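The values are calculated or read from the model by the stated rules, or taken from the named source; none is laboratory data. Quick caveat: nothing in here was measured; it's all calculated off a predicted structure. Cβ sites come from the backbone with ideal geometry, for glycine too, and all protein chains shown count toward neighbours.
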Amino acid sequence: MGLTLAQKIIKNHLLSGDMTVGSEIGLKIDQTLTQDATGTMAYLEFEAMGVPRVKTERSVAYIDHNTLQTGFENADDHRYIQSVAKKHGIYFSRPGNGICHQVHLERFGIPGKTLIGSDSHTPTGGGIGMLAMGAGGLDVAVAMGGGPYYITMPKMLRINLIGKLGPWVSAKDVILEVLRILSVKGGVGKIVEYGGPGVATLTVPERATITNMGAELGATTSIFPSDEVTRSFLKAQGRESDWKELLPDDDAVYDETITIDLSALKPLAACPHSPDAVKTVDEIGPIKVDQVCIGSCTNSSYLDLMRVASILKGKTVHPDVSLAIAPGSKQVYNMLAQNGALADLISAGARILECACGPCIGMGQSPNSKGVSLRTFNRNFEGRSGTADAQIYLVSPETACASALSGVLTNPQTLGKEDPIALPETFLINDNMILPPASEEEAEKVEILRGPNIKEFPTTTALPHSIEAKALLKVGDNITTDHIMPAGAKILPYRSNIPYLSNFCFGVCDKEFPERCRQNGKGIIIGGANYGQGSSREHAALVPLYLGIKAVIVKSFARIHCANLANAGILPLAFENEADYDTIDQMDELELPNIREAIQNHGKILVKNKTKGTEFEVRAVLTDRQRNMVLAGGLLNYTREQN
Ligand code: MIC
Ligand code: SF4
């Protein structure tokens, strides 16, 4: 039986397990990346492991999220990461050099290699034929130390692309169509593999837009083949020697296949507040727009911004619209500056932001009250923009520009003839903002610079024999990590200060939650389906841990968050019978008797609702390895026990 593209890479990197769908496999990781908002924690964890030098082929630390520097905290954390990187063999991409996923694709990604990153959009690397996955910081730290990365062997979902994109329809519309078909939980437990004749019509940056936003499907990752298009991209990046062809076998077997005709696609938009609430731009109609933001790791490539510049050239942004543009990398920014496109953006009235995540994670540019903001980003979760009642729509750069000019949501197909935009034969290559690590001899002398923002890590204890605690919070379906542990300009600077962060836990849903936790000392969270979708931030586990959360009982989990809970020693449990969710009320007194024994022996897990006098069964969403980890009180304790 032939292999799919992803199965080939998995086979070449398999360290443990067999490739049976649903069983745990351990993978050798070739490359890692971190960004600063998750990186400080990841490097503290790496330091705690005591490994002097990373064992990967390439590890890169990016600074791209926390670049506002409204106080000393971020600059201190950046300095810490820079010094750790220098000492431990990690390349350091300085603030200003760009968004991790964009820069990694340009300068480091290699077809056929494995990459994990402490950021959920790491699958951007799938655009170049990498097996690239988002992970919690602790898992990235373990991979840097040479340890395997564990995932559940996913099913293979093929998306067969036929036809060719029509004028004014672009890669963003392709992934929005996939989200419309599959929903934000449609990719859970699957790798999405793109194939078919339509693949050759898409450039690498377009492919990367699609794999990037595949994160919103809940997929383990998404991947494109590495073909001649990939070769010319790498050649233009001066890295042709990194190219190799990578295709699925002709007789590869997929668990599921979906066909999308690129020629039939129309400009689409994801409506508030979910990336899968997709409609055509025409269906939504000409709603008034207050803000347009272009950028993020989804749509900030050279190709995207050249398209934007060609639309804006010689025109002026509508008087009621604020247009912000953040180029994805210094390479993109510099090329736009050199060829004059930047002047077209400035002259049209765009507010140019630095090459960073910026408004995508609520770092500035929060919209006005009830404001409608069109964004080329990948997430429109409630409150993420920093304005609680803002209405965020996710659109392509083409739709964003057409609307910025007209002041209302506008189908770009009304703009007339589209200028042809091609990828350059050579990109501008200047890696002067990427600092290589110190040599092994020099490394010993490098001093780690720690600022006062770095606070103690919450401690964990072994799983007790039974748990008795109240259901301190009950939430519904599709709870995101932005609900659990919000980000944004006011909170993000404190990513290495768990006690401070804890004041904001679940702030979007229930501001009293942290106080309830403090009063009760311990608790259980009840949730619906796809709990923990979105970001890879392990803070969404570490903060509840700090607040005394012992278990999370839900209908189903998102992959990375579930792993983060287990790493933190919090029990991830799922209802055996989803209807039991309805029998629990917030503040009910719950008991999990003999839970330790049940986890150890794969026994039945019974939950007694002492308030209601009922009981129901749940199952642990844990592999055997994770069972041992949770018994020990999390991955760090478990690793200490093993050594
Ligand atoms: C995001 O897009 O939500 C983030 C911010 O990049 C996160 C990482 C984080 O929370 O620091 C992600 O996608 O993993
Ligand atoms: Fe940054 Fe936004 Fe991409 Fe997350 S999704 S890495 S915040 S640009």
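Below, the figures for the structure above:
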quantity: Pick from region 364-380, criterion among the hydrophobic types (A, V, I, L, M, F, W, C) and crowded, with 24+ Cβ neighbours inside 10 Å, ranking: farthest from ligand 2 (Cβ to nearest atom); calculated: 374
quantity: Residue in region 116-128 that is more than 14 Å from ligand 2 (Cβ to nearest atom), in contact (Cβ under 8 Å) with a residue 24 or more places away in the chain and assigned to a loop (DSSP other than H, G, I, E, B) present; calculated: no
quantity: Among the candidates 475, 446, 395, residue that is in contact (Cβ under 8 Å) with a residue 60 or more places away in the chain and under 24 Å from the mean Cα position of the chain (by Cα); calculated: 395
quantity: Pairs with Cβ under 9 Å, 6+ apart, first in region 140-154 and surrounded by fewer than 24 Cβ atoms within 10 Å (Cβ to Cβ), second part of a helix (DSSP H, G or I) and among the polar types (S, T, N, Q); calculated: 147/639; 150/626
quantity: Any chance residue 46 is surrounded by 24 or more Cβ atoms within 10 Å (Cβ to Cβ) and away from ligand 2 (no atom under 16 Å from the Cβ); calculated: yes
quantity: Within region 543-643, strands (runs of 3 or more DSSP E) holding 2 or more residues that are closer than 30 Å to residue 147 by Cα; calculated: 549-554, 571-575, 614-620
quantity: Subset of region 485-500 that is more than 16 Å from ligand 2 (Cβ to nearest atom) and buried (at least 22 other Cβ atoms within 10 Å of the Cβ) - its residue that is modelled with the lowest pLDDT; calculated: 496
quantity: The one condition in (1) within 16 Å of ligand 2 (Cβ to nearest atom); (2) within 25 Å of residue 181 (Cα to Cα) that residue 330 fails to fulfil; calculated: (2)
quantity: From 244, 164, residue being surrounded by fewer than 18 Cβ atoms within 10 Å (Cβ to Cβ), at pLDDT 95 or above and farther than 26 Å from residue 113 by Cβ; calculated: 164
quantity: Subset of region 197-218 that is of a type outside the set (Val, Ile, Thr) and away from ligand 1 (no atom under 16 Å from the Cβ) - its residue that is surrounded by the most Cβ atoms within 10 Å (Cβ to Cβ); calculated: 207
quantity: Tabulated pairs, region 485-507, first within 11 Å of residue 540 (Cβ to Cβ), second within 14 Å of ligand 1 (Cβ to nearest atom) and among the hydroxyl-bearing types (Ser, Thr, Tyr), C-beta under 7 angstrom, 6+ apart or interchain; calculated: 501/494
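Residue by residue, here is whether (1) farther than 21 Å from residue 421 by Cα; (2) within 16 Å of ligand 2 (Cβ to nearest atom); (3) touching a His at 6+ places or on another chain (Cβ under 9 Å) holds:
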{"site": "289", "(1), (2), (3)": "yes, no, yes"}
{"site": "301", "(1), (2), (3)": "no, yes, no"}
{"site": "306", "(1), (2), (3)": "no, no, no"}
{"site": "334", "(1), (2), (3)": "no, no, no"}
